[in-house]
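> Please read through the structure below; I'll follow up with questions.
The values are calculated or read from the model by the stated rules, or taken from the named source; none is laboratory data. Keep in mind the model is a prediction, meaning the values are calculated, not measured. So basically every Cβ, Gly included, is an ideal-geometry build from the backbone, and we count neighbours across all protein chains shown. Protein only, heavy atoms only, side chains kept; ligands, DNA and RNA dropped before computing areas. Shrake-Rupley method; radii C 1.70, N 1.55, O 1.52, S 1.80 Å.
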Amino acid sequence: MKHDQVFKINLTKIEGSGDFACPNCGVMISPEDETENAYTILETKMKKEFLEELIIHCNRCGSRIHLVGFLPSSPSSLK
């Protein structure tokens with residue numbers, strides 16, 4: 001019995017400041033939101049000292065969203 005949907009979002013494909021809509025229900029998820037009203041962080045995966053993947057849970061629909069594409073901050077990584 002599967003009730004959670006799983007999505008993968010590459011943050012390098014997102015325009016703007018990192019806000020995106022849940023692929024399942026459309027609730028806006030913002031990295032600035034620290035209230036955990038929209039989402040909860042389930043797991044943080046690091047590769048050496050860099051964030052490699054963040055797994056979050058949408059609090060509205062229950063989807064799991066795997067966020068990838070975290071880039072070290074540098075002028076050459078910006079488009």
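> Find the Cα radius of gyration of the chain, compare it with 2.2 N^0.38 Å by division, and give the number to two decimals.
Computed over Cα atoms of the chain, the ratio equals 1.13.
> Non-local amide H neighbours of F7 (under 5 Å, H modeled in plane, Pro and chain starts lacking H): which ones?
R64, I65, H66
> Further, regarding this structure: Compute the accessible area per residue over the chain, keeping the other protein chains in place, probe 1.4 Å, unit Å².
73 Å²
> Let me ask something else. Taking the Cα centre of the chain as origin, sum charge times position over the Cβ atoms of Lys and Arg (+1) and Asp and Glu (-1), and report the length of that vector in debye to the nearest 20.
With Lys and Arg at +1 and Asp and Glu at -1, about 400 debye.
> Okay, next question. DSSP loop GluC sites (Glu not before Pro) in region 26-61 with at most 16 other Cβ atoms within 10 Å of their Cβ, which ones?
The qualifying sites are E32, E34, E36, E49.
> Moving on. Please list, in order along region 33-47, the HN-Hα scalar couplings obtained from phi with the Karplus expression 6.51 cos²θ - 1.76 cosθ + 1.60 (θ = phi - 60°), rounded to whole Hz, x for Gly and Pro.
7, 9, 7, 6, 6, 8, 8, 10, 7, 9, 8, 10, 10, 10, 10
> Would you tally the net charge around T40, using a Cβ to Cβ cut-off of less than 12 Å, leaving T40 out, and scoring K and R as +1, D and E as -1?
Here the count lands on -2.
> Counting only residues 5 or more places away or on other chains, whose amide H sits under 5 Å from the amide H of I29 once H atoms are built in the peptide plane?
Amide H neighbours of I29: F20, A21, C22.
> At a 1.4 Å probe radius, carbon and sulfur cover how many percent of the accessible area of the chain?
Exposed carbon and sulfur together represent 52 percent of the surface.
> Restricting to Cα pairs below 8 Å that are 6+ residues apart, what does the relative contact order work out to for the chain? Please round to a whole percent.
In percent, rounded to a whole number, it is 33.
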